[in-house]
Structures are given as structure tokens and as C-alpha cells.
1. Obtain the radius of gyration and the Kirkwood radius of segment 1-83 from its C-alpha atoms and give Rg over Rh.
2. If we count other beta carbons within 10 Å of each Cβ, what is the order of 112, 5, fewest first?
3. Counting other beta carbons within 10 Å of each residue's own, what order do 7, 66 fall into, fewest first?
4. Fewest first, what order do 30, 125 take by the number of other Cβ atoms within 10 Å?
Ligand SMILES: [Zn+2]
């Protein structure tokens with residue numbers, strides 16, 4: 001039982017970091033520079049988030065599927081419970097889909113990057129140079145080496 005839990009630790013940690021929109025490898029760097037702009041590499045550990053451009057856009061598929069499911073459930077509720085006008089319904093749901101996708105966009109990409117990380121696809125470029133020092137409590141050896 002203990003071993004099983006330990007096997008789940010790395011995936012769970014990566015997913016938790018993704019939900020916080022942080023680098024799945026180190027948990028320190030932000031995935032997004034601002035708004036919807038994805039950083040090329042982690043500002044902290046320099047892990048490259050996408051080996052090929054637009055790789056994590058696969059996350060959009062996840063969002064689309066989730067949106068579709070919610071749409072179907074919503075349709076049934078709307079149709080059965082509320083006897084609303086059809087055009088009102090369509091307008092309402094188009095609005096919902098847009099808002100929903102916009103909110104989920106970053107999370108979906110972050111989750112996709114986390115999945116990619118768990119398959120070994122997120123790591124620093126071989127020639128990277130660290131720009132920042134690690135927090136002293138966890139990586140004190142990095143500081144000593146720089147002297
Ligand atoms: Zn990182």
C-alpha cells in the first residue's frame with residue numbers, strides 16, 4: 001500500500017503544479033508569462049515546455065470534450081426543467097462554451113504539459129545556463145558550486 005502511494009507521488013505532484021499553472025518539473029516557474037502567452041521554457045529550471053511548437057494545444061481537445069459533455073448535460077436540464085425559448089437557449093450556451101473554454105484554456109495546456117512531463121518530454125535544453133539560484137533550503141549545493 002505504501003509503495004502504491006509512492007508510485008502516485010510524482011504524477012500527483014505534476015498535476016498539482018499544473019493546476020497552479022507552474023512548471024511540472026520544478027514547481028517554481030510560471031507556465032504563462034501573462035494572459036494566454038505560454039513561456040517557451042521554465043523561468044526557473046529552464047525546462048522546455050514544448051519540444052515542438054503548439055504541442056500542448058492537444059490540451060484543447062481535452063477542453064472540447066469536457067465542454068461537450070457539459071453542453072449535453074446542460075441541454076437536457078434546460079430542455080426538461082426549464083421550458084425556455086430555443087433561440088435564447090442557443091445564445092446562452094454559445095456564451096457558456098466561449099467563457100468555459102477561455103477559463104479552461106490555460107489549465108488544459110498546463111495539464112497537457114504535465115502529461116508530457118510524466119512521459120519524459122519536459123526537460124531543460126542541454127546547453128542551458130541557470131539564471132537564478134535555487135532556494136537555499138532545498139538546493140544549497142547549487143550555491144556552493146557557484147563560488
Ligand atoms: Zn521549472
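None of the figures in this text is laboratory data; all of them are computed from the coordinates on show. Here the structure is a predicted model, which means the values were calculated and not measured. Here the Cβ positions follow ideal geometry from the backbone for every residue, glycine too, while neighbour counts run over all protein chains shown.
1. Dividing the radius of gyration by the Kirkwood radius yields 1.16.
2. Listing 112, 5 from fewest to most nearby Cβ atoms yields 5, 112.
3. So the ranking, lowest neighbour count to highest, is 7, 66.
4. In increasing order of surrounding Cβ atoms, one gets 125, 30.
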